[in-house]
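Report on the structure given below.
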Amino acid sequence: MDIATIIGLILGFGAVIGGQILEGGHVSAIIQPTAALIVLGGTMGATFVSFPLESILHALKDARKALFPPKDDPEAVIKNIINYAAKARRNGLISLEQEAQTVKDAFTKKGISLVVDGIDPQKLRETMEIELNSFEEHAKVSAEIFEAAGGYAPTIGIIGAVLGLIHVMNNLSDSSKLGAGIAVAFVATIYGLMTANIICIPCGTKLKKRLQEAILQKEMVIEGLIAIQNGENPHFIEQKLRAYLPEGGAGAKKGK
């Protein structure tokens, strides 16, 4: 589980609730089902209008990545590539055919298959980069959906505030209903801002970060397979791939 996401959610909601308590207010004052219905329902409605249903369902599934990072490890990617390189160096590229049948990652599997087929390194790069671009285009939609929802939520909150004020204006003669109408008006605005700035936009940003990490690992796979195709030394391939790591290069392994 991503502890930073948990801490961020606790701090975000805790700051709002804590501020309400410190100001002498009650938590119940900011719990308004009507305001929640307006903001959440309106935000979801606007999002559904903006994106295909399939993309929205995929985005909801991808939201798990904000809490549970993918288990892909760049160190494991490097280790696998080095093993492929060593095997190809000993037994030839054709020996990687068995690896292509057992590897789970579809991107790596396709790359190994192309290497086994003896495709030209330049063609290999072009083909794999097309695959990478396609992956990026599809994967970034999830982040775009959450960012779009974050843009809609504050505006829907304002709509909720206006509705609350309309309710107040319609009941000026009944003082018992004024408090509830004003509460819905202001709480709807708070819900809109909180939904956007604590949940939706941060979630979209986190998904972008996860996507960058996935793209980096796929770029490592491309470079590694091309190096194998060119018959480069496994040790040299390892040094080249370690340059992709945040620590940078050969020192990364020693620091682990």
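The values are calculated or read from the model by the stated rules, or taken from the named source; none is laboratory data. Not measured: the values here are computed from a predicted model. Note that we place each Cβ from the backbone using ideal geometry, even for glycine, and neighbour counts take in every protein chain shown. Accessible surface is based on the protein model in full, side chains and every heavy atom, while ligands, DNA and RNA are left aside. Shrake-Rupley method; radii C 1.70, N 1.55, O 1.52, S 1.80 Å.
Have a look at ILE82, ILE56 and point out the one that is under 23 Å from HIS235 (Cα atoms), β-branched (Val, Ile, Thr) and open to solvent by less than 40 Å² (accessible area, probe 1.4 Å). Give the derivation first.
Details: ILE56 fails: under 23 Å from HIS235 (Cα atoms).
Checking each option against the conditions leaves just ILE82.
When only residues in the range 106-136 that are touching a residue at least 24 places away in the same chain (Cβ under 8 Å), charged (D, E, K, R) and over 17 Å from ALA227 (Cβ atoms) count, which is surrounded by the fewest Cβ atoms within 10 Å (Cβ to Cβ)?
Ranking the qualifying residues of the range 106-136, first place goes to GLU136.
Which one of these does LYS87 not meet: (1) closer than 30 Å to ILE226 by Cα; (2) touching a Cys at 6+ places or on another chain (Cβ under 8 Å)?
Among (1) closer than 30 Å to ILE226 by Cα; (2) touching a Cys at 6+ places or on another chain (Cβ under 8 Å), LYS87 violates only (2).
Enumerate the pairs (first residue in the range 212-232 and farther than 22 Å from LYS65 by Cα; second residue anywhere and open to solvent by 40 Å² or more (accessible area, probe 1.4 Å) and of a type in the set (Phe, Trp, Tyr)) with beta-carbon separation below 8 Å, excluding pairs fewer than 6 apart on the same chain, so at least 6 apart or on different chains.
Going by the 8 Å Cβ cut-off, the qualifying pairs are GLU223/TYR244; ALA227/PHE236.
Taking only the range 32-74 into account, find how many residues are farther than 26 Å from MET1 by Cα, free of Cβ contacts under 8 Å to residues at least 24 places away in the same chain and not in a helix (DSSP H, G or I).
1
Suppose we filter THR5, THR43, THR47 for residues that are surrounded by 11 or more Cβ atoms within 10 Å (Cβ to Cβ) and farther than 30 Å from ASP72 by Cβ; which single one remains?
Residue meeting the stated conditions: THR43.
Can you report the number of residues in the range 137-181 which are more than 30 Å from PRO52 (Cα to Cα) and out of contact with any helix residue (DSSP H, G or I) (no Cβ under 6 Å at 6 or more places or on another chain)?
Number of matching residues: 11.
Could you grab the pairs with beta carbons closer than 7 Å, sequence gap of 6+ or different chains, first residue in the range 150-171 and aromatic (Phe, Trp, Tyr), second one part of a helix (DSSP H, G or I) and buried (at least 18 other Cβ atoms within 10 Å of the Cβ)?
Pairs found: TYR152/THR43; TYR152/THR47.
If I filter the range 150-171 for residues that are aromatic (Phe, Trp, Tyr), modelled with pLDDT of 85 or more and either within 21 Å of the chain's Cα centre (by Cα) or not in a helix (DSSP H, G or I) (or both), do I get at least one hit?
Here is the first cut: in the range 150-171, the ones aromatic (Phe, Trp, Tyr) are 152.
Those left that are additionally modelled with pLDDT of 85 or more: 152.
Okay, now just the ones that are also either within 21 Å of the chain's Cα centre (by Cα) or not in a helix (DSSP H, G or I) (or both), so 152.
Among the residues of the range 150-171, at least one is aromatic (Phe, Trp, Tyr), modelled with pLDDT of 85 or more and either within 21 Å of the chain's Cα centre (by Cα) or not in a helix (DSSP H, G or I) (or both), which makes the answer yes.
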